[in-house]
Amino acid sequence: MATPPGGVQTAAHGVNPRRPKRGSYKPRPETLELLKVSGNPINGLGETTPRRPSPFFWHPPTMHPWGDLQVVARTSSRSCPGSVEAFAAAYMYPELTPVAEEKREATGEEFAAGVREFALGHEADAVGIAAMDPLYVFEGYTIEEPWVIVLALAHNYERLREVPSDETNGVGVVDVGDQYARGTRASYGLANWIRAQGYKAEAFPGPSASALLLIPPAIASGLGELGKHGSLISPQFGAGVRLAGVTTNMPLRATRPVRFGADDFCKTCQVCTNACPPGAISEGKQMVRGVERWYVDFDKCIPFFAEAASCGICIAECPWTRPSARPKLLATMAGRLGLR
């Protein structure tokens, strides 16, 4: 066993011996009763026409049928040592300051540079900018601002690899809470900086969901590619990132999407598929709201998530998340795809 900084013991090569093997997990009957209806049709699985996403598990319980199961998930995760404090910090939303009456004048490129400089100097680890798309907005919500800024907050890998957490070891879930808390501070800080320049800005941190769907604009803005596990894979941090967003009417310049080989790699990699205890990760892409993409089976994933004090196994086990493996993967895929 290796002992990283902080004294937390972890298994070699990122494998947590406390994790159940794929196919070994069966949800408790009382958990299945709370699932009530399948989430896959609500998420748009099998639909061939693009549409806005429907509210899902982490929206207010009045907007979806899994409110009681959401309570189980929150209660389970808060049973881990240190998790209550970590997630309390994520929900400490600062006040948004009034928009300055006088607008600062600058080009979109200059403002984009200012956004990036401020965000990276105030806890964000990467920044992307995309033009707003109606498909980024959940049904039942409205966003008027024409730009979305996405902030990436990188996990501590040595802590992340300890997921799932339990009543004796809360390191993994605490790191999740810590990154969400950083996202709250970073997004509100950036929104207030933009407001001080005379422009509207709204913050959208996790872990609770609101109007803004974050992964699509993160991909469009160049923060990464979608992985087989349904999470963003960053060329800098692998799948070990959390996201927060800011919408604004400040004139900006979009950053470009990137291709570095994660999507192609996922086509043959089976690591997260084999590591998922409920077997929720499919080997191939599926049609979801008019787009063929990677998709995680909601009905298999969420019961385990609720019972296991959150999860994160798939992103912790993802080869791209491992700091020692990522440089070689980037080089290998660049050569295979002819990328510079």
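Comparing Cα centroids, region 153-182 and region 74-116 end up 19 angstrom apart. Extending 7 Å from the Cα toward the beta-carbon at both residue 48 and residue 299 defines two label points whose distance is 2.2 nm. Based on the Cβ-Cβ distance from residue 168 to residue 58, what FRET efficiency comes out when R0 is 25 Å, to the nearest 0.05? My answer for the efficiency is 0.45. Taking a span of 20 Å or more along the helix axis (Cα atoms) and a mean Kyte-Doolittle hydropathy of at least -0.5 as the rule, the DSSP H helices of the chain that qualify are 171-196. Model label points for residue 133 and residue 105, set 7 angstrom from Cα along the Cα-to-Cβ axis, are 3.4 nm apart. Between residue 91 and residue 30, the contour length at 0.36 nm per residue exceeds the alpha carbon distance by 19.1 nm. Between residue 291 and residue 37, the C-beta separation translates, for a Förster distance of 30 Å, into a calculated FRET efficiency of about 0.85. Peptides 175-183, 58-66 ranked from most to least packed, by the mean per-residue count of other Cβ atoms within 10 Å: 175-183, 58-66. Taking the chain as a whole, the Cys residues whose C-beta sits 4.7 Å or farther from every other Cys C-beta are 80, 266, 269, 276, 301, 311, 318.
With neighbours defined as other Cβ atoms within 10 Å of a residue's Cβ, the residues 273, 97 order from fewest to most as 97, 273.
Cross-link pairs exceeding 23 Å between alpha carbons, from the set 21/328; 36/267; 267/300; 285/328: 21/328; 36/267; 285/328.
Using C-alpha pairs under 8 Å with a sequence gap of at least 6, the mean separation divided by the residue count of region 252-340 gives a relative contact order of 30 percent.
Centre-to-centre, using Cα atoms only, region 25-54 and region 287-340 are separated by 20 Å.
No lab work stands behind these numbers, since they all come straight from the coordinates. These figures come from a predicted structure and were not determined experimentally. Because the Cβ atoms are built from the backbone with ideal geometry, glycine has one as well, and the counts that use them run over all protein chains shown.
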